[in-house]
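Peer 1: Got a structure here, written out as C-alpha cells. Questions coming.
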Amino acid sequence: MITLTHFLIVSACLFCIGLYAVLAKRNAILILIGIEFMINAAILNLVAFGRYDKLVYGGQIFALFAIVLAAAAVAVGLAIILNVYQHYKSINPDDITDLRD
Amino acid sequence: MELIIFYIFSAIVLTAGLLVVSLRNTARALFLFFVVLFAMAGLFIFALADFIAITQIMVYVGGVLILMIFAFMLSNKELLADLQNASGKFLSLPNWQSILLSIGFLVVMVYSIMDWQSVDQPNWITTNIQNNQIIKSTDNTIEQLGIKFMTQFLLPFEVISIFLLAALIGAAHLSRREGNP
C-alpha cells in the first residue's frame, strides 16, 4: 500500500533538487528547469492529497490549474530569455546587471 | 508489487533529476528533463490521477520541452561553449553553498513530514476515510473532473483560460523582433 508519506518524501527530494538548480546554475534555461522541478513537486503533493477528497476533487483540479500556470510561466520566461540573449549575447544571470540599456 | 513499481518510478525521477542538475552539457540535461517529466506522470497515476498524468505528458512534453529546446538552440553561443566544456569534464563542479542549503532544506522537510505523520492525519482525511469518500482505482475520475470544471470551478476555469491567452500573446509580443515587424 502506497501511503501519503511516500509521495511527500519523493516530492520533498524533487523540490530540493530544483532548489539546488535554481541556486547553483549559471544558465537561465537550467534555472527555469529548476523552477519546473519545484512546481512538479508541488503538483505531486496536490495530487497525493487529492486522493482522499472524492467530494470536491480539489487536489486534482488545482493540479491542472498549476500545470497551466507553469506552462504560461515557461512561455513568457523563455521569450524574456531570448530577448536578453539578443541584447547581452549571454544567458548567464550573473552577466545581466543593467535594468535598462 | 505496486510498491516496487512506485519505488522504480521514484528512483527514475530522483536519479534523472540529480543528473539534470549535475551534467555539464545543457542539451543532455534538457533530454533528461524529459525523462523526469515522464516518470512524474507515472507517479501521478499511482495517486489515481490519470487525467493529470495525460495532461502532464501533453503540456510539458508537447509544449514546455519543445519551447526549452527552441530557446536553447536559439541561444547558440552558449550551446557552443557547453559543447566545448563537455569535452573536458563530464559532471559540473558543484558549489558547496547551494548543496548545503538544499540538503538543509531537505532535512527540515523530511523531519517535519515524519513528525507530522507520527502525530495524526488531518481531520478531513480521517473523516473521508471513515465515510468511504476516497478515490478508488475503479472510479471514473475524468467524468467527475469534467462535471466539476463546468459547475463548481467554472469561474476559475474561465479566468485561467483568459490568463493563458494573455500570457501567450505576451510571449509572442516579447519574442518579436523590434526592427522588422
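Only the coordinates and a few stated rules stand behind these numbers; no lab work does. These numbers were taken from a predicted model, which means no experiment stands behind them. A quick note on method: Cβ atoms are made from the backbone with ideal geometry, for glycine too, and the neighbour counts reach across all protein chains shown.
Peer 1: Please return the longest stretch of chain B lacking exposed loop sites, where trypsin sites (Lys or Arg not before Pro) count only if DSSP places them in a loop and at most 15 other Cβ atoms lie within 10 Å.
Peer 2: B:1-88
Peer 1: Something else about it: Kindly state, to the nearest 0.05, the FRET efficiency for B:Ala166 paired with B:Asn140, given R0 = 41 Å and r defined as their beta-carbon distance. Please list the in-between numbers first.
Peer 2: Working: r = 33 Å, r/R0 = 0.81.
Between B:Ala166 and B:Asn140 the formula returns 0.80.
Peer 1: Calculated from DSSP H runs of 4 or more alone, at -39500 (n - 2.57) each and per residue, what is the 222 nm mean residue ellipticity of chain B, nearest 500?
Peer 2: -24500 deg cm²/dmol
Peer 1: Work out how much length B:Phe105 to B:Asn132 would gain on full extension: take 0.36 nm times their residue separation and subtract the Cα-Cα distance, in nm to one decimal.
Peer 2: Details: separation 27, 0.36 × 27 = 9.72 nm, distance 3.55 nm.
So the extension gain works out to 6.2 nm.
Peer 1: Figure the gain on full extension for B:Val35 and B:Leu155 (residue separation times 0.36 nm, minus the Cα-Cα span) and round it to one decimal in nm. Please report the intermediate quantities before stating the final value.
Peer 2: Values: separation 120, 0.36 × 120 = 43.20 nm, distance 3.44 nm.
Here the answer is 39.8 nm.
Peer 1: Cut-off is 10 Å between beta-carbons; in what order do B:Val35, B:Val107, B:Val13 appear when sorted fewest neighbours first? Let's see the in-between values first.
Peer 2: Details: B:Val35 16, B:Val107 12, B:Val13 27.
Fewest to most other Cβ atoms nearby, the residues stand as B:Val107, B:Val35, B:Val13.
Peer 1: Per residue, how big is the convex hull of the protein assembly as shown when only Cα atoms are used? Give it in Å³. Working shown, then result.
Peer 2: Values: hull volume 42.1 nm³, N = 282.
Given the Cα convex hull of the protein assembly as shown, per-residue volume reads 149 Å³.
Peer 1: Only sites in a loop by DSSP and with at most 11 other Cβ atoms within 10 Å count here; which chymotrypsin sites (Phe, Trp or Tyr not before Pro) in region A:14-101 make the cut? Display every interim value, and only then the final one.
Peer 2: Values: sites: A:Phe15, A:Tyr20, A:Phe37, A:Phe49, A:Tyr52, A:Tyr57, A:Phe62, A:Phe65, A:Tyr85, A:Tyr88; in loops: A:Tyr52, A:Tyr57.
Sparse-neighbourhood loop chymotrypsin sites (Phe, Trp or Tyr not before Pro): none present.
Peer 1: Round to the nearest 10 and give me the degree value, 0 to 90, for the angle of helix B:65-74's Cα axis relative to the longest principal axis of chain B.
Peer 2: Here the helix axis deviates by roughly 10 degrees.
Peer 1: Which of A:Thr97, A:Asn40, A:Val56 sits closest to the plus end of the dipole of region A:27-101, meaning its Cα is farthest towards the positive end, when Lys and Arg get +1 and Asp and Glu get -1 on the C-beta?
Peer 2: With unit charges placed on the Cβ atoms, the residue in question is A:Val56.
Peer 1: Let me know the shape class of chain B, please: from the alpha-carbon gyration tensor, a ≥ b ≥ c as square roots of the eigenvalues, rounded when a/c is under 1.5, otherwise prolate if a/b is greater than b/c, or oblate. Don't skip to the end; give the middle numbers.
Peer 2: Details: a/c = 2.19, a/b = 1.29, b/c = 1.70.
Oblate, because a/c is 1.5 or more while a/b does not exceed b/c.
Peer 1: A follow-up question, please. Any idea how many Lys pairs in the protein assembly as shown come in under 20 angstrom at the alpha carbon, given 8 or more places apart or on separate chains? Display every interim value, and only then the final one.
Peer 2: Details: A:Lys25/A:Lys89; A:Lys25/B:Lys77; A:Lys25/B:Lys89; A:Lys54/B:Lys136; A:Lys54/B:Lys148; A:Lys89/B:Lys77; B:Lys77/B:Lys89; B:Lys136/B:Lys148.
Counting lysine pairs in the protein assembly as shown gives 8.
Peer 1: Expressed in whole Å with the largest first, what are the equivalent ellipsoid semi-axes of region A:4-88 derived from the C-alpha gyration tensor as the square root of 5 times each eigenvalue? Don't jump to the answer; show the numbers that get you there.
Peer 2: On the way: eigenvalues 175, 55, 4 Å².
Computed over region A:4-88, the values are 30, 17, 4 Å.
Peer 1: If you line up the long axis of helix A:58-88 against the longest principal axis of chain A, both from Cα atoms, how many degrees apart are they, to the nearest 10?
Peer 2: That works out to roughly 10 degrees.
Peer 1: Roughly how many debye, to the nearest 20, is the charge dipole of the protein assembly as shown about its Cα centre, given +1 on each Lys and Arg Cβ, -1 on each Asp and Glu Cβ, and no other charges?
Peer 2: Working: 14 positive and 16 negative charges, 104 e Å.
That gives a dipole near 500 debye.
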